[in-house]
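Before any comments, here is the structure.
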Amino acid sequence: MTKRIALVTDSTCDIPEAWRKEYEITVIPLTIIFGEEQLLDGVDISAQAFYDRLGADKHHPTTSQPTPKDFTDIFQKVKEAGAEEILCITISSAMSGTMASAVQAAKGFSIPVRVMDSRNNSMGLGWQVITAARAREAGGGIEEMIAAAEKVREKMVFFISLDTIEYLSKGGRIGDAVKWVDSVLQIKPMITVKADTGTVGIGLPARSRKIGLKNLYKTFFKQLDTGRPMFIAVMHNNALADAEVMAARIKEEFEPAELIIQIVSPILGVHTGPGPVALCGYSE
């Protein structure tokens, strides 16, 4: 650790490994549970291995958040590596108890710890962490890092085109009426993460995957100021080919300042299943 201010986040962030290393970002894993088997996200199981197993395993996986002790151990690790302050940015508190564990661990810790609610997940969280890291690289202190991340948080646009609502249904995240409609119509739902509340909203459903991906593209870019530099992540749940096609179109039509393709964390994949493609980003 060469940074005076340590930057900690959780494994739902979906930040590419190269960036994690470049910016010295410490990632605390959440846990995936298959039956009696508990696996640390990104440590005991990769995203690709998770999606390969998802459809074949007889157990529908569940997830669990890090405990306060897990956070205390991570905070102690970065402190021993030389950190004098810690900024911890987590998955939306409306989606997980991860932030609550971090807040509890931060209380009374031996060096100052600031915990920030990203009100998002995946690269909706990841872009905020990267922005904070870049503010630190530019010489900013913890207040400047938080201010930079908050500015991005307010501008974040995140839409996901699902291949099925089966996994949301298994996780108890939709009502019986929606399940019935899906069973009859076989819709391809779209969901969004609301940047102001950190909760999930419903977008425009489609009758086919092709239309669903078309709606995703159109809806996402309606929300962005395309006249300003754009930072965009094309996310996918083991649907790389579709993600690559979408990324190529984005590059050709908009030439964003930054464009990445990234597979989605198993923690989020538990609830969205295989196949989704998402667009997540913001305008400067």
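Mean projected area of the Cα convex hull of region 1-123, taken over all directions, amounts to 7.7 nm². Contact order for the chain, expressed relative to its length and based on alpha carbon pairs under 8 Å spaced 6+ residues apart, stands at 21 percent.
Under 1.5 on a/c is rounded, so check that first for the chain, then, if it is not, pick prolate when a/b is larger than b/c and oblate when it is not; a ≥ b ≥ c are the square roots of the alpha carbon gyration tensor eigenvalues. Oblate. Under 5 Å from the amide H of L259 lie the amide H atoms of I232, each residue being 5 or more positions distant or on a separate chain, with H modelled from the backbone and absent for Pro and chain starts.
Between K151 and F254, full extension at 0.36 nm per residue minus the direct alpha carbon distance yields a gain of 34.9 nm.
For the residue pairs K155/K210; K107/K151; K58/K222; K3/K69, the alpha carbons lie more than 30 Å apart in K58/K222.
Would you mind counting up the charge near M116? Only other residues with Cβ under 14 Å from its Cβ, with Lys and Arg at +1 and Asp and Glu at -1.
In short, -2.
Considering only the Cα atoms of region 99-142, their convex hull presents on average a projected area of 3.6 nm².
Counted by Cβ distance under 11 Å from P276, the other residues give a net charge of 0, where Lys and Arg count +1 and Asp and Glu count -1.
At an R0 of 41 angstrom, the distance between the Cβ atoms of V43 and R207 translates into a FRET efficiency of 0.55. Computed about the Cα centre, the dipole magnitude for region 197-284 is approximately 460 debye when only Lys and Arg (+1) and Asp and Glu (-1) carry charge, each at its Cβ.
Calculated mean residue ellipticity, 222 nm, the chain: -12500 deg cm²/dmol, from DSSP H runs (n ≥ 4) at -39500 (n - 2.57) each, averaged per residue and rounded to 500.
Near S93: Cβ cut-off under 11 Å, other residues only, Lys/Arg at +1 and Asp/Glu at -1. The net charge is 0.
Just order 233-240, 49-56 by mean Cβ neighbour count inside 10 Å, highest at the front, would you? Don't jump to the answer; show the numbers that get you there.
On the way: 233-240: 22.4, 49-56: 15.4.
Descending packing order for the listed peptides: 233-240, 49-56.
Take the Cα of R228, step 7 Å toward its Cβ, do the same at E144, and the gap between the two points is 2.0 nm. Think of each Lys and Arg Cβ as +1 and each Asp and Glu Cβ as -1; about the Cα centre, that makes the dipole of the chain roughly 660 debye. On a 0 to 90° scale, report how tilted helix 68-80 is relative to the longest principal axis of the chain, with both axes built from alpha carbons and the result rounded to the nearest 10. The helix 68-80 is inclined about 50 degrees to the chain. Coupling constants for region 85-93 follow from the phi torsions by the Karplus curve (6.51 cos²θ - 1.76 cosθ + 1.60, θ = phi - 60°), and in residue order they are 9, 9, 10, 10, 10, 10, 3, 3, 5 Hz; glycine and proline get x. Centre-to-centre separation between the Cα atoms of region 1-66 and those of region 109-150: 19 Å.
Across the protein chains, with a 1.4 Å probe defining accessible surface, the residues D73, D41 rank D73, D41 from largest area downward. Classify region 183-254: rounded, prolate or oblate, from the alpha-carbon gyration tensor (a ≥ b ≥ c, eigenvalue square roots; a/c under 1.5 rounded; otherwise prolate if a/b is larger than b/c)? Oblate, since a/c reaches 1.5 and b/c is not below a/b. All alpha carbon pair distances within region 212-284 were sorted into 5 Å bins beginning at 0; the resulting P(r) in whole percents reads 3, 17, 29, 25, 16, 8, 2, 0. Loop-located GluC sites (Glu not before Pro) in region 82-144 (DSSP state other than H, G, I, E, B) with a sparse environment of at most 15 neighbouring Cβ atoms within 10 Å: E84.
The values are calculated or read from the model by the stated rules, or taken from the named source; none is laboratory data. Here the structure is a predicted model, which is why all the values come from computation and not from measurement. As a convention, Cβ positions derive from the backbone with ideal geometry for all residues, glycine included, and neighbour counts pool all protein chains shown. For the accessible areas, the whole protein counts, side chains as well, though only heavy atoms, and no ligand, DNA or RNA atoms are used. Shrake-Rupley method; radii C 1.70, N 1.55, O 1.52, S 1.80 Å.
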